[in-house]
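Engineer: Structure below; questions to follow.
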Amino acid sequence: MSEGGRETGVAEHLFRHEAGRITAALVRVLGLHNLDLAEEVTQDTLLRALEVWQLGVPDDPAGWLIRVARNRAIDVIRRERAFRRFAPDLTRLLESEWMLAPTVDDAFFAHEIRDAQLCVMFCCAHPSLPPPAQVAVMLKTLCGFSVGEIAHAFLVPETTIEKRLSRAYAELRTHRNFLDAVTGPHVPERLASVHASLYLLFNEGYHGSHPEHAVREELCGEAMRLCALLAEHPAGDVPRTHALFALFCFHAVRLGTRTDASGALQLLAEQDRSRWDRALIARGEASLSRASTGNELSAYHVEAAIAACHATAASFADTDWRSIVNLYDVLLRIRPSAVVALNRAIAVGYADGPAFGLDAIDALARETSLAAYPFLDAARGDFLRALGRTAEAHASFERAIARARNDAERELLARKLRGG
Amino acid sequence: MMTMKKFLYLFLGVDDSGLSPAELQQRMQRRIAWIQELSKAGHFHASERLEKSATTVSVKGNAKTVTDGPFAEAKDVVGGFLIVTAKDLEQAAELAKGCPIFEAGGRVEVRAIVETHA
């Protein structure tokens, strides 16, 4: 790789993390209604870095970006203040020649950036926006993703993302009181919406069908980064946020072992647990204990506890399936779904024996909409095989393969059929 | 809602020349912080700093002339102005008490801005 190419690589890595921070600070000053102007300034800053850094990356790249963005913002405000209104509470300060620069500087203090990121997050989580639009706008404004990258991550055409974003931006432009987003009576509702968006983002990374491991891992990483930011802020520091973060940690523990070197999906039972991320397990446990202050029990709590059982089991056989069944029972009461019911049935099979698992699954297949879900037949096949009913097991796996939704699933199920 | 009136502060009698860059910076930071406080409390309307040099335009006979100066004595130098919104002169004066200018030996002249009601 050429010198210039390597510098560009460094820049891209840094940009993801800094672009969102810079945009949030700029939105604080320019106002949420000028979100596109803020993004333009961020974009100009990054382009400038790409140019200048060809000659060598500065010692403090993040500080360099902030200085350039700050100067650019001051220029833009000078040029536009006759025609535009900026953040309502700062407009008059920005009109003053000598208060302009200090006012912009203030927005770039670390704690101000954190607050601004939280405000943007809460504004993005507006109940009138459908969750996929919320996630798209979070990735764009807070995580520095381009439209193309968001489209790539969600395997949808760019025009779809553009539509989601333009709808979201139109909504955000109507917000006058940016800072009020994290205070006031609507906070619990918004917070629930933020949680749902982060959960969606993480799941897209974890269970999504994107063929590139790196893309999926990055989505999980961004969900965790935003969730950590939320957990640190007074507006987000509630048990549910810590439970969500714990859930992310316990799942992310196995991110590196979910596929083998060739990219084939690895079942939980097959994964090399020695490669599971111990530090993440510890973070998950710390968060779960913070989540347990108070008497709130959310679905995130229960899901985190289930994920913790898996993450902390020495081996697949050592897994505490009894506890997992009990936790699924709780989850079914809090947030019933067909997939949760299937997972419970599978856990029953491991806790009580394959005959019980098979009964539970067959009961489900009759009752629910899961009949077309490939993993129902796959689990059925596993229990049939364990009971020595090989022919029926094969038929089950073949049904599952026919219902696979992508190549990775098809490959995994074919491997089960072969008995590997 | 209480109607707010505007008041002009004139900052007098402080000369920043002769300060070291560090001292000047410190002084500026205190002024900025004070104004930001006023702004957070909803009192800020406008402010600028003024250069020390000045020219005066006056009429002599029927010609307008421009002369250098005034070279005001230090105690009369106008260093800048601030317009605040406050409910009355008393509140405006009270707010002015927080100005860091006093630490530098200056003073603040508080003047109500005349409002015309059409």
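The values are calculated or read from the model by the stated rules, or taken from the named source; none is laboratory data. What you are looking at is a predicted structure, and each value in this text was computed from that prediction instead of being measured. Reconstructed Cβ throughout: ideal geometry from the backbone, glycine too, with neighbour counts over all protein chains shown. Note: areas computed on protein heavy atoms with side chains; ligands, DNA, RNA excluded. Shrake-Rupley method; radii C 1.70, N 1.55, O 1.52, S 1.80 Å.
Engineer: Restricting the search to region B:80-118, which residues are open to solvent by 50 Å² or more (accessible area, probe 1.4 Å) and part of a helix (DSSP H, G or I)?
Structural biologist: Correct list: B:L89, B:E90, B:E94, B:F102, B:E103.
Engineer: Out of all the residues in region A:115-137, which are of a type outside the set (S, T, N, Q), in contact (Cβ under 8 Å) with a residue 60 or more places away in the chain and in a helix (DSSP H, G or I)?
Structural biologist: A:D115, A:A116, A:L118, A:C119, A:V120, A:M121, A:F122, A:C123, A:C124, A:P131, A:P132, A:V135 - these are the residues of region A:115-137 that are of a type outside the set (S, T, N, Q), in contact (Cβ under 8 Å) with a residue 60 or more places away in the chain and in a helix (DSSP H, G or I).
Engineer: Using the structure shown, decide if B:V14 is more than 10 Å from chain A (Cβ to nearest Cβ) and within 26 Å of A:P88 (Cα to Cα).
Structural biologist: In short, no.
Engineer: Checking B:Y9 against (1) more than 27 Å from B:K75 (Cβ to Cβ); (2) within 14 Å of another protein chain (Cβ to nearest Cβ); (3) open to solvent by less than 80 Å² (accessible area, probe 1.4 Å), only one condition comes out false. Which one?
Structural biologist: With (1) more than 27 Å from B:K75 (Cβ to Cβ); (2) within 14 Å of another protein chain (Cβ to nearest Cβ); (3) open to solvent by less than 80 Å² (accessible area, probe 1.4 Å) applied to B:Y9, the lone miss is (1).
Engineer: Regarding A:L370, is this residue in contact with a Cys (Cβ under 8 Å, 6 or more places away or on another chain) and over 22 Å from A:T257 (Cβ atoms)?
Structural biologist: For A:L370, the condition - in contact with a Cys (Cβ under 8 Å, 6 or more places away or on another chain) and over 22 Å from A:T257 (Cβ atoms) - is not met.
Engineer: Listed residues A:E409, A:E392; which is out of contact with any Asp or Glu (no Cβ under 9 Å at 6 or more places or on another chain), open to solvent by 10 Å² or more (accessible area, probe 1.4 Å) and under 27 Å from A:H210 (Cβ atoms)?
Structural biologist: On inspection, the qualifying residue turns out to be A:E409.
Engineer: Of the residues in region B:27-75, how many are within 13 Å of chain A (Cβ to nearest Cβ) and outside any helix (DSSP H, G or I)?
Structural biologist: Qualifying residue count for the region: 11.
Engineer: Of all residues in region B:23-40, which are surrounded by 17 or more Cβ atoms within 10 Å (Cβ to Cβ) and over 15 Å from A:L93 (Cβ atoms)?
Structural biologist: B:R27
Engineer: Can you pull out every residue in region A:94-114 that is assigned to a helix (DSSP H, G or I), open to solvent by 10 Å² or more (accessible area, probe 1.4 Å) and within 14 Å of another protein chain (Cβ to nearest Cβ)?
Structural biologist: Once the filter is applied, which keeps residues that are assigned to a helix (DSSP H, G or I), open to solvent by 10 Å² or more (accessible area, probe 1.4 Å) and within 14 Å of another protein chain (Cβ to nearest Cβ), region A:94-114 yields A:E95, A:E97, A:W98, A:A101, A:P102, A:D105, A:D106, A:E112.
Engineer: Residue by residue through region A:68-91, note down the ones that are within 13 Å of chain B (Cβ to nearest Cβ) and surrounded by fewer than 18 Cβ atoms within 10 Å (Cβ to Cβ).
Structural biologist: Hits for region A:68-91 are A:R81, A:P88, A:D89, A:T91.
Engineer: Does region B:68-108 hold any residues that are in contact (Cβ under 8 Å) with a residue 60 or more places away in the chain and farther than 16 Å from B:R31 by Cα, and which are they?
Structural biologist: B:A74, B:K75, B:D76, B:V77, B:T85, B:A86, B:K87, B:D88, B:L89, B:A92
Engineer: Additional query: For the condition in a helix (DSSP H, G or I) and free of Cβ contacts under 8 Å to residues at least 12 places away in the same chain, what is the one hit in A:N34, A:N71?
Structural biologist: Criteria check complete, one pass: A:N71.
Engineer: For region A:387-412, which positions are modelled with pLDDT under 85, outside any helix (DSSP H, G or I) and within 16 Å of A:Q266 (Cα to Cα)?
Structural biologist: A:N406
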